[in-house]
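Report on the structure given below.
The values are calculated or read from the model by the stated rules, or taken from the named source; none is laboratory data. Note that the coordinates shown come from a computational prediction; the quantities given were computed from them, not determined experimentally. Because the Cβ atoms are built from the backbone with ideal geometry, glycine has one as well, and the counts that use them run over all protein chains shown. Protein only, heavy atoms only, side chains kept; ligands, DNA and RNA dropped before computing areas. Shrake-Rupley method; radii C 1.70, N 1.55, O 1.52, S 1.80 Å.
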Amino acid sequence: MNYRIISAFLGMIAVILGLSMFLCLPWGLPAFGGGSSEVRGAVGLLLSGGLSTLLGATLIVLGRRADKQRLFRKEAIIIVSLSWILAIILSATPYLFSKTERVPGVPMSFCDALFESASGLTTTGATVFGELENTETLPRTILFWRGMTHFLGGLGVVCIFVVLIGHGSGGKAVMKIEHSVSGSIPASKIRTQATYLFYVYISLNVACGLLLLLCGMSLYDAITHSFSVIATGGFSTHNASIAYFTGAPHTNGLAIECVIIFFMIVSGTNHWLLYWAAIGQPQRLFRDSEWRLYVSLILLGIAITTSFGLLHGDFRIAPKTQDGPPAVGVALDGILTNDGSEDPETLNRRPQTTINTSAEHAHPLNAVHRSAFHVVSLMTGVGFVTERYELWNSTSLTVLMILMFVGGCAGSTSGGAKVFRVLLSFKALIRYLSETFSPNVVRTTRLDGENVDKGSLYSAVVYIFVMEILIFFPAIFVMSFEPNGIWLARGESQEEKMTDIYVASISLFGNVGPAFGALGSFENYGALTGPTKLVFSSAMLLGRLEVWTVLALLSPNFWRDR
């Protein structure tokens, strides 16, 4: 085992994280809207950045004599897994050192900070914060760091490292684990390929940020929301998520939503296809079977949710209020007592969801727009919301849950099973049925004009099966050991608790973020217990690394054999 090169890689990851923390400090200056409350945020970032940089420098010194050409697949798996674990732990320290409060009067615990960090870096977007707009409890610098974790996690800190440094065959080994990089690419070109991917990612962030700025967002909001959209994360700077901009002054809410829908679809596309389209070969995009199925699923999802939503009256329009957008109830986090029930005082100050039964039905075009936003948001894993979609009819919710599971395209920042695995699984099913009835006929399976071997079909089916198992067991654990206080406070039944937790498990493993009910659109995960947050943090990491990389470390044979 080449421990020195592992140490060197981990050291560079820690240094990159430390420098990124320092980049958040300017947002605490008065010129950028900072106030006296930013002192805590600045101190937290300085301490965390110093710790990360010092640790990184130490690890680099320990690995200074590493043979950078002797990086094999085993070392690459260890580097990718440990890099994400180290990054999650270090990224949690700013929340703790700044004494950030998840709700006023409740400091973040280690489990809270770890959950928020894991959610940011894995681009899940689930949060424990119940109040985002109070700078006294959550400084702007820390809120920007929260968005920065999306930016770093979107492309992957390991990929960024390969782009900045480059390690020949070693870099290729890391990239093949971190991204879907073909084994036919020569080692000499791996840094070039990674750089192209990096340029696409940066260009999308810049383009999205500029358009959001033109639509009326502040510079702070435009940057943080572009981080979330392109990384398919979902962290917002406002309690009401994107719904905030519907009623915010000097902003064009409709234009903002349209820009976000477009870039969510783009971000869920294979970034290699985006590169070919950018250099004048868009035909590769339209010839790709995975992308065509991806777009077809989005259109089908929009059609079903719009049709059933209009049928069941899901898109009623309530009059605007002076305090914000229509029909948006921002639910603050609750405080649980020792017996697991919710503190009545906290419950009394929590804004409740209200449904205006006298509201008018929406115009069909308005319904299509609102449906499209949430279908695209949940399928691509961004998780932005503009209304309480969990109040929609059961058919629409089933469609949304399925799309959460499927996710975006391979080679994108989206999570989920990935569209290409679903496509290969259907091809495997068709081939199996054909061989069952005609076992003596030799058949080939083709995708985009190329033969697909049985091993690839088998791998896709096995991955989806394992993903379902890994979604099921955390859900069972949480259902069994999570207190009922959250659901009792809402007057909900055990069946609703089970549904909320199971959908949350799908959402977090698929790196989506919001779920249904008590863990839905305008809710958060802050009131859950520490063990539940650790289980869900692990689910987010497994989903981001697509299972095999982390599970390999648990095999005794992995540590014995070359």
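If I model a spin label as a point 7 Å beyond the Cα along the Cα-Cβ vector, how far apart are those points for residue 289 and residue 430 in nm?
If labels sit at residue 289 and residue 430, their model points lie 0.7 nm apart.
Roll a 1.4 Å probe over the protein chains and send me the accessible area per residue for the range 183-314 in Å². If you can, show how the numbers build up before the last one.
On the way: 5550 Å² over 132 residues.
For the range 183-314, the solvent-accessible area averages 42 Å² per residue.
Taking the alpha carbon gyration tensor of the range 502-554, what are the square roots of 5 times its eigenvalues, largest first, to the nearest whole Å?
On the way: eigenvalues 99, 31, 9 Å².
They are 22, 12, 7 Å, listed from largest to smallest.
Return P(r) of the range 451-546 (all Cα-Cα pairs; 10 Å bins starting at 0; whole %; ordered from short to long distances).
Taking every Cα pair in the range 451-546, the percentages come to 16, 46, 23, 10, 4, 1.
Applying a 10 Å radius around every beta-carbon, put 200-210, 499-509, 265-275 in order of their mean neighbour count, most first.
Details: 200-210: 18.3, 499-509: 26.2, 265-275: 22.5.
Highest-to-lowest ranking by the protection proxy: 499-509, 265-275, 200-210.
Could you tell me the extents of the range 212-251's C-alpha atoms along the three principal axes, largest first, rounded to whole Å?
27, 20, 12 Å, listed from the longest principal axis down.
Post the alpha-carbon centroid distance, the range 398-422 to the range 77-127, in whole angstrom.
25 Å
Using the structure shown, list the pairs from 74/418; 427/497; 427/533; 497/533 with a Cα-Cα distance above 27 Å, or answer none.
Distance filter (> 27 Å) returns 427/497; 427/533.
Give me, ordered by chain and number, the residues 5 or more places off residue 452 or on other chains with an amide H under 5 Å from its own placed amide H.
Correct list: 445, 446, 447.
For the full complex of protein chains and a 1.4 angstrom probe, list 84, 559 by accessible area with the highest value first. Before the final figure, lay out the partial values.
Numbers: 84 0, 559 125 Å².
Sorted descending by solvent-accessible area, the residues read 559, 84.
Can you give the convex hull volume of the alpha carbon atoms of the range 3-76 per residue, in Å³? All intermediate terms of the calculation are to be shown ahead of the outcome.
Values: hull volume 6.5 nm³, N = 74.
Expressed per residue, the convex hull around the Cα atoms of the range 3-76 is 88 Å³.
Taking amide H atoms as placed 1.01 Å from N in the peptide plane, list the residues 5 or more away in sequence, or in a different chain, whose amide H sits under 5 Å from that of residue 315.
Amide H neighbours of residue 315: 362.
Would you mind estimating how fast the range 385-508 diffuses translationally, via Stokes-Einstein at 20 °C and 1.002 mPa s with the Kirkwood radius over Cα pairs, in µm²/s? Each step should come with its number before you reach the end.
Details: Rh = 17.3 Å.
Roughly 124 µm²/s, to the nearest whole number.
What does the accessible area of residue 221 come to, in Å² to the nearest 10, when a probe of 1.4 Å is used?
The accessible area of residue 221 comes to roughly 20 Å².
Go through the range 421-428 residue by residue and turn each phi into a ³J(HN,Hα) via Karplus (6.51, -1.76, 1.60, θ = phi - 60°); whole Hz please, and just put x for glycine and proline.
Result, rounded to whole Hz: 6, 5, 4, 5, 5, 5, 5, 5.
Order 291-300, 386-395 from most to least packed using the mean count of other Cβ atoms within 10 Å.
In decreasing order of mean packing, 291-300, 386-395 become 386-395, 291-300.
Applying the Karplus parametrisation 6.51 cos²θ - 1.76 cosθ + 1.60 with θ = phi - 60° to the phi angles of the range 489-494, what ³J(HN,Hα) value in whole Hz is obtained for each residue in order, glycine and proline being reported as x?
Once rounded to whole Hz, the list reads 5, 8, x, 9, 8, 5.
If the chain between residue 39 and residue 447 were fully stretched, how many nm would it gain, using 0.36 nm times the residue separation less the Cα-Cα distance? Mind dumping the intermediate values first?
Numbers: separation 408, 0.36 × 408 = 146.88 nm, distance 5.65 nm.
Computed gain between residue 39 and residue 447 is 141.2 nm.
Along the principal axes of its C-alpha atoms, what lengths does the range 199-300 span, in descending order and rounded to whole Å?
Projected onto its principal axes, the Cα set of the range 199-300 covers 43, 31, 20 Å.
When the Karplus curve 6.51 cos²θ - 1.76 cosθ + 1.60 is applied with θ = phi - 60°, which whole-Hz ³J(HN,Hα) does each residue of the range 92-107 get, with x for Gly and Pro?
7, 5, x, 5, 7, 5, 8, 6, 5, 10, 6, 9, x, x, 10, x
How would the range 100-162 be classified by its alpha-carbon gyration tensor: rounded, prolate or oblate, with rounded meaning a/c under 1.5 and the a/b versus b/c comparison settling the rest? Mind showing how you got there, number by number?
Numbers: a/c = 2.77, a/b = 2.00, b/c = 1.39.
Judged from the Cα gyration tensor, the range 100-162 comes out prolate (a/c at least 1.5, a/b above b/c).
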